[in-house]
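Note sheet for the following structure.
The values are calculated or read from the model by the stated rules, or taken from the named source; none is laboratory data. Owing to the predicted nature of the structure, the values given are computational and were not obtained by experimental measurement. Heads up, the Cβs are rebuilt from the backbone with ideal geometry, glycines too, and the neighbour counts pull from every protein chain shown. Accessible surface is based on the protein model in full, side chains and every heavy atom, while ligands, DNA and RNA are left aside. Shrake-Rupley method; radii C 1.70, N 1.55, O 1.52, S 1.80 Å.
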Amino acid sequence: MADNSFSDGVPPDSLEAAKNASNTEKLADQVMQNPQVLAALQERLDSVSHTPSSYIETLPKAVKRRINALKQLQVKCAHIEAKFYEEVHDLERKYAALYQPLFDKRREFITGDAEPTDAESEWHSENEEEDKLAGDIKNKAVIAEKEAAAAEEPNPKGIPEFWFTIFRNVDMLSELVQEYDEPILKHLQDIKVKFSDPGQPMSFVLEFHFESNDYFTNSVLTKTYKMKSEPDKADPFSFEGPEIVDCDGCTIDWKKGKNVTVKTIKKKQKHKGRGTVRTITKQVPNDSFFNFFSPLKASGDGESLDEDSEFTLASDFEIGHFFRERIVPRAVLYFTGEAIEDDDNFEEGEEGEEEELEGDEEGEDEDDAEINPKV
């Protein structure tokens, strides 16, 4: 029987490969004749070939020289901007002194050291007219009943758990607070921001004032945030204003057995020679808000931090900035939740706008969708 595995001395695999190659060439020819495909390819090539860096490389040397001069001017602008922010810091210091008497009175009302006058405690709510109409409708019996209930209502000193409630309301802070931190934070009476003195390196200090308690002897715990307002020599164009570059905490003088930042564990050890087993106790770090006062240090020796440490340090800087810019100046609004509701409403507004834009896009034809797939 004749062997049919070859035809004219050509292996069948080679014939099949030749057929596939021919089909591929025909398909490629058909695709390349499609004007839409050609336009898309040309657009892709244009976007690759016309990147800013590639364009700059094509310019004459004389033009490149002038661009370098513009960069020199830009660096000088960055240094002027840095000076501007230094003066802003001086202005912050000036106005902090004007705010402080108001914050001192706030502390007195919170702690109960002073009682607000009728004029100071008067507040007109947004629903004042509705409340007035509702009050006019009430009969004397209901009013009398409420007056009797008010007489029996407890009258605690100041505003109990004011700052602790803020910690509980704000997600960024509540995530740091453990259950065993809560009794300590209930003794927190005030948080202050102190700016660095004139002529000193730019910084600010957070002061946490505590009443006498069973946990530590400090009356004030501090956290200092060091700032820099100057362009980086290696990357001056990245300058966008002052930034926190490092922070220092303080030593907490814990009373015996009250340190919540460590926990005691038991560990068994086996003697290599005798085979006997002993149990030892060992202290290990424990999650706690009060680790906030023992921060990770930014690397100053040129060595880069690992990814987890970088994240931890960035989070610490963000929390410090949030205390300074939001919590301390607007404490009562974070206590009532109004500041949090404002933030939530702003975010919802953004989402609503996005949904509206998406709704408009649904009416676009396919060509427009391809040109602008998302806003």
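Identify, by number, the condition in (1) open to solvent by less than 60 Å² (accessible area, probe 1.4 Å); (2) out of contact with any Ser or Thr (no Cβ under 6 Å at 6 or more places or on another chain); (3) outside any strand (DSSP E or B); (4) on the phi < 0 side of the Ramachandran plot that Gly275 doesn't meet.
(4)
Kindly indicate the residue of the range 319-338 that is of a type in the set (A, V, I, L, M) and touching a Phe, Trp or Tyr at 6+ places or on another chain (Cβ under 9 Å) and also surrounded by the fewest Cβ atoms within 10 Å (Cβ to Cβ) among those meeting that condition.
This residue is Val332.
Quick one: Asp235 ticks every box in (1) surrounded by fewer than 16 Cβ atoms within 10 Å (Cβ to Cβ); (2) more than 27 Å from Asp190 (Cβ to Cβ); (3) touching a residue at least 12 places away in the same chain (Cβ under 8 Å) bar one, so which box is it?
In the conditions (1) surrounded by fewer than 16 Cβ atoms within 10 Å (Cβ to Cβ); (2) more than 27 Å from Asp190 (Cβ to Cβ); (3) touching a residue at least 12 places away in the same chain (Cβ under 8 Å), Asp235 misses (3) alone.
State whether one or more residues within the range 222-231 are closer than 30 Å to Phe162 by Cβ and either outside any strand (DSSP E or B) or β-branched (Val, Ile, Thr) (or both). So that I can check it myself, show each step before the final result.
First pass over the range 222-231, keeping only residues closer than 30 Å to Phe162 by Cβ: 222-227.
Now restrict to residues that are either outside any strand (DSSP E or B) or β-branched (Val, Ile, Thr) (or both): 222, 224.
Yes - at least one qualifying residue is present in the range 222-231.
Inspect the range 95-112 for any residue being under 21 Å from Phe335 (Cβ atoms), of a type outside the set (Val, Ile, Thr) and outside any helix (DSSP H, G or I) and give the result as yes or no.
Scanning the range 95-112, I find at least one residue that is under 21 Å from Phe335 (Cβ atoms), of a type outside the set (Val, Ile, Thr) and outside any helix (DSSP H, G or I), so the answer is yes.
Consider the range 94-107. How many of its residues are open to solvent by 50 Å² or more (accessible area, probe 1.4 Å) and either within 20 Å of Lys228 (Cβ to Cβ) or aliphatic (A, V, I, L, M) (or both)?
Matching residues across the range 94-107 total 3.
Is there a residue in the range 301-310 that is at pLDDT 95 or above, open to solvent by less than 70 Å² (accessible area, probe 1.4 Å) and assigned to a loop (DSSP other than H, G, I, E, B)? Talk me through it step by step, then tell me what you get.
So in the range 301-310, the residues at pLDDT 95 or above come out as none.
No - not one qualifying residue is present in the range 301-310.
Condition test on Ser53, is it part of a helix (DSSP H, G or I) and modelled with pLDDT of 65 or more?
yes
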